[in-house]
Number of protein chains: 2
Amino acid sequence: MSDPVFSRVAIIGLGLIGGSIATALHKRGLAATVVAFDQNRESLQLGKQSGIITEAADSIPAAVQDSDLIILAVPVLAVKAVLREIPATALITDVGSVKTTVIEDSREVYGLIPDCLVPGHPVAGSEKHGVTSANPDLFENHKVILTPVAETKPSAVERIRNLWRGLGATVVVMTVEHHDRILARTSHLPHLLAYALVDTLLSQDDGQEIFRYAAGGFRDFTRIAGSDPIMWRDIFLANGPAVLEILDDYQEKLEELRSMIDQGNVADLQRVLNQASQARDDYTQNDIEKIRGGS
Amino acid sequence: MSDPVFSRVAIIGLGLIGGSIATALHKRGLAATVVAFDQNRESLQLGKQSGIITEAADSIPAAVQDSDLIILAVPVLAVKAVLREIPATALITDVGSVKTTVIEDSREVYGLIPDCLVPGHPVAGSEKHGVTSANPDLFENHKVILTPVAETKPSAVERIRNLWRGLGATVVVMTVEHHDRILARTSHLPHLLAYALVDTLLSQDDGQEIFRYAAGGFRDFTRIAGSDPIMWRDIFLANGPAVLEILDDYQEKLEELRSMIDQGNVADLQRVLNQASQARDDYTQNDIEKIRGGS
């Protein structure tokens, strides 16, 4: 094995993603030392005991000191408070599902966007959460989106790109705005719809019975709604404008479908279902299988 | 192997469910002969060539003649036309996801509910469809719901119960109304929401791009929307009242979530997400895993 690319990597937030990065770095020999900090001391101890991290730090400043890479893996609305404790000298990246806020936060904390900050997002969720679900292969064959801004040093982007490639991911670069709009559509809205469904069904008289018949289609929704609630609360709020924009369109579409059912409009209903089914067949068969196989 | 329970089983409609029943009957030695009819001659030929069925019939009357069990596996709004061609003398069951209509249809066709008709529903969907996806183990560890009415002979229910147990399923008996309400919630509404999402995203400028980032949560929706569109069109229309009733509640809940995001209402948003996540953990962990393993 060649020398590790990073001598000391600091991971702030040791949940599913932070823990999976830590264990993936070890497995692939990419970091000599992996130090972590988490507000939850139990997660930190579990990470240390299981050998996922080399060192458990007592504070954020202690974790980031002398680190040549700092990875923020906390819920998106917790990023600003973390940045306040980090000098913008080392290479910094994050893993949040909203990129607008990390840019705004760093402008607020540092008075500018540091050239060593590379906003990133591994599109590799799971209904599992917590460090105990850490998986060194979580990112393999998954996409990681980087959203550098004008201020970002190209060499910093290159190092983060290599980091993710080293962990088996495919790296895609796009603007902050494009990322947040795409994610609102493909991830944030679906999660919101799933939470709304589980909550609607729970408030029925037979709330508990419904879970028994989950095989009829509901199981995919419950899987989504099993994700970390605080992480998702933050995402919905941080990406509010983009989420509400696509939610508008969704509510309108749902109202249309409702009318078709109400009026027994066979032809239009079939047209819509055909379209969705066809699109799925055309564009996704291969990708989806690949994604499912890899997750 | 003991003697087959049925000497001649007629399956009307040779898609995923009809084909899976046929091949499961063979595998478990439950039927001496399995004859099928399908409007789609290609499906029928494929079924015959692959050995899934013993005989391909030219018409519904030819298929059901001398059969001691008739299984209707057609889209729910096609049931009435099929019943018109079937004398209500042999044991008859169906597999539709809506049970109100099969009862109404038989009353209309026969002038009464035949005592040998046992409405049934294997809760074992798949995004795959067509006879080429037939799977002899599709029903193993899945639930099958039977909804006999006052007129149904107990001995007929018993024979259908044994049929499904023989195919590895767990049989549950409930009323027609309860079935249709439960299924509207756990299956029909989730499918409607998934179709609405795929259709909403398709009509965006970057409609095709969204499929590339499906791993973020959207993949579970596309899987649902990959189901057979005609089957689903029929289900939504046949179970319209129950679907619209739960859709009312859903739209209201979605509007509430929308306001929470719009107003940055952290506390309420977190309460709703916690509730959904908690419920999923409490009631479903084991069941869902079992169901996923079996499907």
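The values are calculated or read from the model by the stated rules, or taken from the named source; none is laboratory data. Computed from a prediction, not measured in an experiment: that's the story for all the values here. So basically every Cβ, Gly included, is an ideal-geometry build from the backbone, and we count neighbours across all protein chains shown. Note: areas computed on protein heavy atoms with side chains; ligands, DNA, RNA excluded. Shrake-Rupley method; radii C 1.70, N 1.55, O 1.52, S 1.80 Å.
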### Query
Say a label goes 7 Å from Cα toward Cβ at B:ALA32 in every copy; what distances in nm does this one have to the rest, shortest first?
8.1
## Note on the structure
Relative to chain B, whose Cα atoms define the longest principal axis, helix B:189-202 and its Cα axis are tilted in degrees, nearest 10, by 60 degrees
### Query
Antiparallel DSSP bridges in the protein assembly as shown: what percent, to the nearest 5?
15 percent
### Query
Considering only protein heavy atoms, what per residue accessible area in square angstrom results for the range A:23-120 with a 1.4 angstrom probe?
41 Å²
### Message
Once R0 is set to 56 Å, what does the formula 1/(1 + (r/R0)^6) return for the Cβ-Cβ distance between A:ASP115 and B:ALA88, expressed as a FRET efficiency to the nearest 0.05?
### Response
0.10
### Message
Looking at chain A as a GNM with Cα springs under 10 Å, which of A:THR100, A:THR186, A:THR152 has the largest mean-square fluctuation?
### Response
A:THR186
### Task
Report, to the nearest 10°, how far helix B:16-27 tilts away from the longest principal axis of the Cα atoms in chain B, using its own Cα long axis and a range of 0 to 90°.
50 degrees
### Message
Please report the antiparallel percentage of the DSSP beta bridges confined to chain B, to the nearest 5.
### Response
15 percent
### Task
Just name one of B:GLN275, B:ILE235, B:GLY29: the one whose Cα is farthest towards the positive end of the charge dipole of the protein assembly as shown (beta-carbon charges, Lys/Arg +1, Asp/Glu -1).
B:GLY29
### Task
Note down the magnitude of the dipole of chain B about its Cα centre, charges +1 on Lys and Arg C-beta and -1 on Asp and Glu C-beta and zero elsewhere, to the nearest 20 debye.
840 debye
### Query
Over the protein assembly as shown, what percent of the accessible surface lies on carbon and sulfur atoms, probe 1.4 Å?
46 percent
### Summary
When chain A is treated as a Gaussian network with springs between alpha carbons less than 10 Å apart, the largest mean-square fluctuation among A:HIS188, A:HIS178, A:HIS129 is found at A:HIS178
### Summary
Flagged as over-length at 18 Å C-alpha distance, from A:LYS128/B:LYS143; A:LYS253/B:LYS253; B:LYS99/B:LYS253; A:LYS80/A:LYS153, the pairs are A:LYS128/B:LYS143; B:LYS99/B:LYS253; A:LYS80/A:LYS153
### Summary
The answer for GluC sites (Glu not before Pro) in the range A:23-94 that fall in a DSSP coil and have at most 16 neighbouring Cβ atoms within 10 Å is A:GLU85
### Angle between chain B longest axis and helix B:240-262 axis [Cα atoms, degrees, rounded to 10]
20 degrees
### Message
For B:ASP206, place a label point 7 Å from Cα along the Cα-to-Cβ direction in every copy; what are the distances to the other copies, in nm, shortest first?
### Response
4.3
### Query
Taking Cα centroids, how far is the range A:3-43 from the range B:93-142 in Å?
52 Å
### Message
If I model a spin label at B:ASP282 and B:VAL266 as a point 7 Å from the Cα along the Cα→Cβ vector, what separation in nanometres do I get?
### Response
2.6 nm
### Query
If you take the accessible area of B alone, add that of A alone, and subtract the area of the pair, what total do you get in Å², probe 1.4 Å, to the nearest 100?
8900 Å²
### Task
Return a whole-number percent for the relative contact order of chain A, with Cα pairs under 8 Å and 6 or more residues apart as the contact set.
17 percent
### Message
7 Å from Cα along Cα→Cβ at both A:GLU256 and B:LYS27: what's the point-to-point distance in nm?
### Response
4.1 nm
### Summary
If unit charges are put on Cβ atoms (+1 for Lys and Arg, -1 for Asp and Glu) and the dipole of the range A:123-183 is taken about its Cα centre, the option from A:ASN135, A:VAL171, A:SER155 lying farthest towards the positive end turns out to be A:SER155
#### Entry: Residue among B:ALA81, B:VAL109, B:SER67 farthest towards the positive dipole end of the protein assembly as shown, charges placed on Cβ
B:SER67
### Task
Mind listing the label-point distances from B:VAL149 to the same position on all other copies, shortest first, one decimal in nm, points 7 Å along Cα→Cβ?
6.6
### Message
How far, in whole Å, is the closest Cβ of chain B from the axis that maps B onto A, and which residue does it belong to?
### Response
B:ASP220, 2
### Query
Between B:ASN274 and B:ASP206, what is the label-to-label distance in nm when each label sits 7 Å out along the Cα-to-Cβ direction?
3.5 nm
### Query
For the range A:72-124, what is the charge dipole size about the Cα centre, in debye to the nearest 20, if Lys and Arg each add +1 at the Cβ and Asp and Glu each add -1 at the Cβ?
60 debye
### Message
With +1 on the Cβ of every Lys and Arg and -1 on the Cβ of every Asp and Glu, and nothing else charged, how large is the dipole of the range A:96-219 about its Cα centre, in debye rounded to the nearest 20?
### Response
480 debye
### Query
Rg and Dmax of the protein assembly as shown over Cα atoms: what are they, in angstrom?
26.9, 85
